[in-house]
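The structure appears right after this line, and notes come after that.
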Amino acid sequence: MFVTALKASWIAKALESKRIKVDIWKPDNPDGYQREHSKRRSREYARFIAAKNISPPSILLSIRGADGKRVVYKDGYLEIPDDITLYLVDGQHRAWGFYYCLKERRANLNDFAIPTVIMLSDDKYEEAKQFVIINKTQKGVRTDLAERFLQQAALKEGYAKIMEDVAKGALPRKIFADIEWRPKATEIADILNNDPSSPWYQRIKPPNVSQPEATVRQKSFTDSLEPILRHPDFKDLDAETIAKILNNYWRAIKDLMPKAFRSPKDYVVQKTTGVFVFHGLLPTIAKYCRDPKTGTYVLTYGKLRDILFKLKDSEYLKAEAWKASKRGIPGGKVALMGTSQKTFRTLRSILEKELEDRMREEEEVRKRVVV
């Protein structure tokens, strides 16, 4: 293999002239191994590059079979005859991104140096094998680590600046789409995880940390907070305020199902199922915690407990229903329902209806009382 750097203008011209080709799989080319490049993705990359972002990953080119014997390497230079085709094994969206950047955006990046690896392959099969190995074994950034980065990005650059750059294409939307709420979710998880008074003390596992008492990963916990952090009544509250509300809420849940908190690994209350169900339920619980005179929320431990305990007879809020399956022993009713988002929505809907029915019954009783 040879490691070099090729000018963006040379890559663009070579793609246009088909000096560089991509071996696309088609019915009439069954030995091909790549798909057509997405013009949308390539143009997104073009916007990213035109905004003066760096692009350190290399592209991989291949010279096949007998043509490899015609190239000459001497004193740090590789001479490739003009009639030799180079096949683009990896990095086609980046390569076409530079093409669109120069041809459509007229960016002044002709001399941009693109890191490039050129390999001499025995045949097309060798190329295909490398392509599959590269694309099937590489692993993206873990999502919990990406959350930590978003937290730093929000602090360093600010939400408004980042969203402005995303709108211009200077930053990829896919990475920054959740920056409105996810950094706050990560901060809330940290507050609860490090608060000895919280039922979540040392129960949320951050990335790259050994935490034997953890029952749920940071990513699951922060994902479950989205309905709260996007809710119009909560989205403008700071992380400390929401963490305090959640601490009150989970203390009330603990009172409702104490057995599940004494042995949390044996139940799914403090696992993925529990955080998605109870965090999704909180806006409905909060609706009944308003002061009747002022309309403001009263989300104290006592008030949240009062509302939750209206459901104390629900079969879905008994600790036994949340018992986890273990070593072939079936779990409780809730655990057996599964761990899909559809299941979480179903459980929330059941509990919301039970609470609304209970509140309606109490209101009807109050109306019948004559003083």
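Quick notes on this structure:
- Yes/no for residue 40 being charged (D, E, K, R), over 20 Å from residue 125 (Cβ atoms) and in contact (Cβ under 8 Å) with a residue 60 or more places away in the chain: no
- Within the range 64-73, the only residue that satisfies the criterion of being among the small types (Gly, Ala, Ser) and either open to solvent by 60 Å² or more (accessible area, probe 1.4 Å) or at pLDDT 95 or above (or both) is 66.
- Evaluated against (1) among the polar types (S, T, N, Q); (2) within 21 Å of residue 208 (Cβ to Cβ); (3) in contact (Cβ under 8 Å) with a residue 24 or more places away in the chain, residue 135 falls short on exactly one condition, (2).
- Within the range 74-90, being assigned to a strand (DSSP E or B) and either at pLDDT below 90 or exposed (fewer than 12 other Cβ atoms within 10 Å of the Cβ) (or both) holds for 74, 77, 79.
- Looking only at the range 316-342, residues that are surrounded by 16 or more Cβ atoms within 10 Å (Cβ to Cβ), part of a helix (DSSP H, G or I) and not hydrophobic (A, V, I, L, M, F, W, C) come to 1 in all.
- Matching residues in the range 1-57 - criterion: being part of a helix (DSSP H, G or I), out of contact with any Cys (no Cβ under 7 Å at 6 or more places or on another chain), more than 24 Å from residue 78 (Cβ to Cβ) and open to solvent by less than 60 Å² (accessible area, probe 1.4 Å): 42, 45, 48
- Filter result for residue 313 (over 26 Å from residue 223 (Cβ atoms) and not in a helix (DSSP H, G or I)): yes
- Of the residues making up the range 338-355, those that are touching a helix residue (DSSP H, G or I) at 6+ places or on another chain (Cβ under 9 Å) and either β-branched (Val, Ile, Thr) or in contact (Cβ under 8 Å) with a residue 40 or more places away in the chain (or both) are 339, 341, 343, 344, 345, 347, 348, 350, 351, 352, 354, 355.
- Residues of the range 173-199 that are under 18 Å from residue 226 (Cα atoms) and either in a loop (DSSP other than H, G, I, E, B) or hydrophobic (A, V, I, L, M, F, W, C) (or both): 175, 176, 177, 178, 179, 180, 181, 185, 188, 189, 191, 192.
- Among the residues of the range 202-241, the one identified as closer than 13 Å to residue 182 by Cβ, acidic (Asp, Glu) and open to solvent by 60 Å² or more (accessible area, probe 1.4 Å) is 226.
- Checked against the criterion of being part of a loop (DSSP other than H, G, I, E, B) and either buried (at least 16 other Cβ atoms within 10 Å of the Cβ) or modelled with pLDDT under 85 (or both), the candidates 146, 154, 160, 170 yield just one match: 170.
- Enumeration of residues in the range 247-257 that are part of a helix (DSSP H, G or I) and either modelled with pLDDT under 95 or not polar (S, T, N, Q) (or both): 249, 250, 251, 252, 253, 254, 255, 256
- Verdict on residue 351 being out of contact with any Gly (no Cβ under 7 Å at 6 or more places or on another chain) and open to solvent by less than 10 Å² (accessible area, probe 1.4 Å): yes
- Looking across the range 120-143 at every residue that is in contact with a Gly (Cβ under 9 Å, 6 or more places away or on another chain) and open to solvent by less than 30 Å² (accessible area, probe 1.4 Å), the one that is nearest to residue 34 (Cα to Cα) is identified as 128.
- Pairs are defined by a Cβ separation below 7 Å, a sequence spacing of at least 6 or placement on different chains, a first member in the range 213-234 that is touching a residue at least 40 places away in the same chain (Cβ under 8 Å) and assigned to a helix (DSSP H, G or I), and a second member that is among the hydroxyl-bearing types (Ser, Thr, Tyr) and open to solvent by 10 Å² or more (accessible area, probe 1.4 Å); the pairs so defined are 219/143; 220/272.
- Selection from the range 173-201 of residues that are over 19 Å from residue 242 (Cβ atoms) and either touching a His at 6+ places or on another chain (Cβ under 9 Å) or surrounded by 16 or more Cβ atoms within 10 Å (Cβ to Cβ) (or both): 176
- Meets criteria (at pLDDT below 95, open to solvent by 10 Å² or more (accessible area, probe 1.4 Å) and not aliphatic (A, V, I, L, M)) for residue 244: no
The values are calculated or read from the model by the stated rules, or taken from the named source; none is laboratory data. Computed from a predicted model, the values in this text were never measured in an experiment. Glycine also receives a Cβ, built like all others from the backbone with ideal geometry; neighbour counts cover every protein chain displayed. Heads up: the accessible areas ignore ligands, DNA and RNA and are worked out on the full protein's heavy atoms, side chains in. Shrake-Rupley method; radii C 1.70, N 1.55, O 1.52, S 1.80 Å.
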